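Have a look at the structure below, then the notes.
The values are calculated or read from the model by the stated rules, or taken from the named source; none is laboratory data. These numbers come from a predicted model, not from an experiment. Here the Cβ is made from the backbone with ideal geometry for all residues, glycine too, and neighbour counts use every protein chain on show. Just so you know, the surface numbers come from the protein's heavy atoms only, side chains and all, with ligands and any DNA or RNA stripped out. Shrake-Rupley method; radii C 1.70, N 1.55, O 1.52, S 1.80 Å.
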Amino acid sequence: MQRVFVLGLLYLGMLLVQPLGAGGHGSEALLAFGFLILAAYTSGELADSWRLPRIVGYLIAGVVFGPSALGIVSTEATTELAPVGSLAIALIAFLAGAELRWSEVRERGRAITRILTAELTLTFLALAGLLVLMRAHVPFLAGEPLATVVGFGLLFASIAVVHSPAVTMALLAETRARGPVARTTLGVVLVSDVVVIVLFSGALALARTLVPPSSADIAAVSLGGVVWELGGALLVGALLGGAVALYLRLVRRQLVLFVILVAFFGAEVARLAHVEALLTLLVAGFVTENVSRQSDGEALRHAVERSGAPVFVVFFALAGASMVLGDVVKVWPLVIPLVVVRAAGIWGGSRLGARWAGMPASTGRHVWMGLISQAGVAIGLATVIAEVYP
């Protein structure tokens, strides 16, 4: 009740102060940002007291106080605060990469490969099949020829199988999980980003054959852009990771501030180079961890983890505030079956892959929980489809 009371006081205080920012006496976006951090942190503590992950509380706070509900955080404020969310993603990605050592990847490579193969294959086929069966109820497939239904069904499925390393990393950081389930899950979600790009490229090529777009040039440019986003991210990330490792060896001071600077610089370089920022920072963290001395890597990881809590609050609160509930409600009849089938595919595929890899049953039956979340890369791939098939 104490936390609910604090949320109420924050809300009433914001109602009193907000007109000052809107009237030009201060920055409305910064005011909303400060409120959102406090409200989201309190909601996270409330969720924790109910034995729920804190990030659920952060998301709910963003939704409740965002434009779709109480409107304390306006649409304009979420737009102005978008760079803050990007910085948070960069920090999360760098931390995720820094958690992986090459020796672990080699040790768990067989399990990661087999779980990913079984899980992606089963989920992809289940979602594509569901869209074909439900084509009469899907707005962009109703009344279309079978070739169009199959082509678009494959494209949709190739995006729907994407995971979210950011969410998985946040949960692992919150729970401080370091066991076989946590390490295997992290490996699967990181490798899956690369695999899904290849899967999407193949699905797009097949869809273009079944349903030729109005302009082949647009498709070629978009597909080439996807390939560069992947390859360029590996190159830029490796260079950035090498530079960070050199700093750790020669300087190793003010690491918390330095990590924030690395995340900001890496995200900006990725934007200018038109490469995938998440993958760039993942690779940078991985390279840093594996070419640095063990003591340097541990010091850097601890510095990132110390800044982790406020980063997760910012990222997930802004994600919740950016949701448009009205649009979500309109597509519930289509979304619910897709979510259920996707979850079932991930559950069944990961268990099958774990058994195929000979993992202990106690580990294999829990990995699927870290693969359910989805964000990031999926949005970028959806944008490519929008360009090819307006």
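Just a few scattered comments:
- FRET E, pair W332, L257, Förster distance 35 Å, beta-carbon r, rounded to 0.05: 0.20
- Legend: calculated FRET efficiency, H302 to A82, from the Cβ-Cβ distance at R0 = 25 Å, rounded to 0.05, equals 0.30.
- 10 Å binning of all Cα-Cα separations within the range 242-380, expressed as whole percents from 0 upward: 9, 26, 28, 27, 9, 1
- Correct option for Rg and Dmax of the Cα atoms in Å [calculated from the coordinates] among (i) 20.6, 68; (ii) 19.7, 62; (iii) 21.7, 65: (iii)
- Exposed loop sites, defined as trypsin sites (Lys or Arg not before Pro) outside DSSP H, G, I, E and B with at most 12 other Cβ atoms within 10 Å, are absent from the longest region of the chain, namely 52-175.
- Within the accessible area of the chain, the carbon and sulfur atoms contribute 69%, probe 1.4 Å, all protein chains present.
- With all protein chains kept in place, the per residue accessible area of the chain amounts to 48 square angstrom at a probe of 1.4 angstrom.
- Among residues other than E104 with Cβ under 12 Å from its Cβ, the summed charge is +2 (Lys and Arg +1, Asp and Glu -1).
- Each Lys or Arg adds one and each Asp or Glu subtracts one; over the other residues with Cβ under 12 Å from the Cβ of D193, this totals -2.
- Computed from the C-alpha gyration tensor, the three semi-axes of the ellipsoid equivalent to the range 25-160 are 36, 27, 15 Å, from longest to shortest.
- Net length gained if the chain between T121 and T75 were fully extended (0.36 nm per residue, minus Cα distance): 12.7 nm
- Estimated translational D of the range 23-103 in µm²/s (Stokes, Kirkwood radius over Cα pairs; 4 °C; 1.567 mPa s): 91 µm²/s
- Here is the list for the range 43-140: chymotrypsin sites (Phe, Trp or Tyr not before Pro) lying in DSSP coil, each with at most 13 other C-beta atoms within 10 angstrom of its C-beta, are W50, F140.
- Here the gap between I37 and E107, fully extended at 0.36 nm per residue and compared with their Cα-Cα distance, gives a gain of 21.2 nm.
- Computed over the chain: relative contact order in percent, which uses C-alpha pairs under 8 Å that are six or more apart: 30 percent
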